[in-house]
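**Student:** Handing you a structure now.
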Amino acid sequence: MAEVVSVNISGKKGTVKREVLEIQLKLRHGIVGDAHAGDWHRQVSLLAEESVDTMRPLLPGLQPGAFAENINTRGIELKTLPIGTRLRLGGTVLEVTQIGKQCHSDCDIKKTTGRCVMPTEGIFAIVVTEGTVRRGDPIEVLQEGPS
């Protein structure tokens, strides 16, 4: 079963996110208290823990939020989900809007290791149904978007 491994926020763009107990998702806004919140297509970022695991041999001490991701998951291959896919996380629903992103400058992880998983394996979503997300919440694919 797919599940949420951690939820992370930061109050300032360009900084590592810190793990918190729960996040509040708001329609047309994203995560309350997160610097990337707003009425745009990248309200929430998700990264599979399996992707983070590929970086651990290079950086064994990686913590949740190190790639500036809001939600870490386990048991779901995020990077293969088509845009438009809807996911239920706990009582909320997200819709995938983007797979990967172009980085404008190399993060500390890429400068240290020569690679970063977020630009190719992270995904972004908008909030469709408001609510709270916590570690351990189940993740369910409700509907896959058009391929």
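**Student:** Return a yes/no flag: does region 135-143 have any residue that is under 19 Å from Arg42 (Cβ atoms), open to solvent by 60 Å² or more (accessible area, probe 1.4 Å) and at pLDDT 65 or above.
**Tutor:** no
**Student:** Also, I was wondering about something else. For residues that are in a loop (DSSP other than H, G, I, E, B) and more than 17 Å from Ile139 (Cα to Cα), tally how many sit in region 38-73. Outline the logic, then answer.
**Tutor:** As a first pass, look at region 38-73 and keep what is in a loop (DSSP other than H, G, I, E, B): 38-43, 56-70.
Keeping just the survivors that are more than 17 Å from Ile139 (Cα to Cα) gives 38-43, 56-68.
Count: 19.
**Student:** In region 38-49, what residues are in contact with a strand residue (DSSP E or B) (Cβ under 7 Å, 6 or more places away or on another chain) and open to solvent by 60 Å² or more (accessible area, probe 1.4 Å)?
**Tutor:** Filtering region 38-49 for residues in contact with a strand residue (DSSP E or B) (Cβ under 7 Å, 6 or more places away or on another chain) gives 38, 41-49.
Across region 38-49, the qualifying residue is only His41.
**Student:** Given the condition loosely packed, with under 13 Cβ neighbours inside 10 Å and in contact with a strand residue (DSSP E or B) (Cβ under 9 Å, 6 or more places away or on another chain), answer yes or no: does some residue in region 51-70 qualify? Even if it seems obvious, please write down each step before you answer.
**Tutor:** To start, the set of residues in region 51-70 that are loosely packed, with under 13 Cβ neighbours inside 10 Å comprises 53-54, 56-58, 60-61.
When the remaining residues are screened for being in contact with a strand residue (DSSP E or B) (Cβ under 9 Å, 6 or more places away or on another chain), the result is none.
No, region 51-70 contains no residue that is loosely packed, with under 13 Cβ neighbours inside 10 Å and in contact with a strand residue (DSSP E or B) (Cβ under 9 Å, 6 or more places away or on another chain).
**Student:** Let me ask something else about it. Working only within region 116-134, note down all residues that are modelled with pLDDT under 65 and either among the β-branched types (Val, Ile, Thr) or over 20 Å from Val7 (Cα atoms) (or both). Steps first, please.
**Tutor:** So in region 116-134, the residues modelled with pLDDT under 65 come out as 116-117, 119.
Passing the criteria: only Val117.
**Student:** Take Lys111 and tell me if it is at pLDDT below 95 and in a loop (DSSP other than H, G, I, E, B). Can you show your working first?
**Tutor:** Working: at pLDDT below 95: yes; in a loop (DSSP other than H, G, I, E, B): no.
Taking the combined requirement at face value, the residue does not satisfy it.
**Student:** Pairs, please: C-beta under 9 Å, at least 6 apart or cross-chain, first residue modelled with pLDDT under 85 and in region 55-77, second aromatic (Phe, Trp, Tyr)?
**Tutor:** As it stands, the answer is Met55/Phe67, since those pairs meet every condition given.
**Student:** Here is a further query. Could you check region 24-37 and list, in sequence order, the residues that are at positive phi, assigned to a loop (DSSP other than H, G, I, E, B) and either crowded, with 16+ Cβ neighbours inside 10 Å or touching a strand residue (DSSP E or B) at 6+ places or on another chain (Cβ under 6 Å) (or both)?
**Tutor:** Matches in region 24-37: Gly33 only.
**Student:** Read through the list (1) over 14 Å from Val141 (Cα atoms); (2) out of contact with any strand residue (DSSP E or B) (no Cβ under 8 Å at 6 or more places or on another chain), then give the number of the only condition that Thr80 fails.
**Tutor:** It is condition (1) that Thr80 fails.
**Student:** Tally time: how many residues in region 4-23 are touching a residue at least 60 places away in the same chain (Cβ under 8 Å) and open to solvent by less than 70 Å² (accessible area, probe 1.4 Å)?
**Tutor:** 7
**Student:** Are any residues in region 119-131 open to solvent by less than 40 Å² (accessible area, probe 1.4 Å) and either charged (D, E, K, R) or under 15 Å from the mean Cα position of the chain (by Cα) (or both), and if so, which ones?
**Tutor:** Hits for region 119-131 are Pro119, Glu121, Gly122, Ile123, Phe124, Ala125, Val127.
The values are calculated or read from the model by the stated rules, or taken from the named source; none is laboratory data. Predicted model only: the values in this text are computed from it and were never measured. Glycine gets a Cβ as well: all are built from the backbone with ideal geometry, and neighbour counts include every protein chain shown. Note: accessible area is taken over every heavy atom of the protein model, side chains too, but ligands, DNA and RNA are not part of it. Shrake-Rupley method; radii C 1.70, N 1.55, O 1.52, S 1.80 Å.
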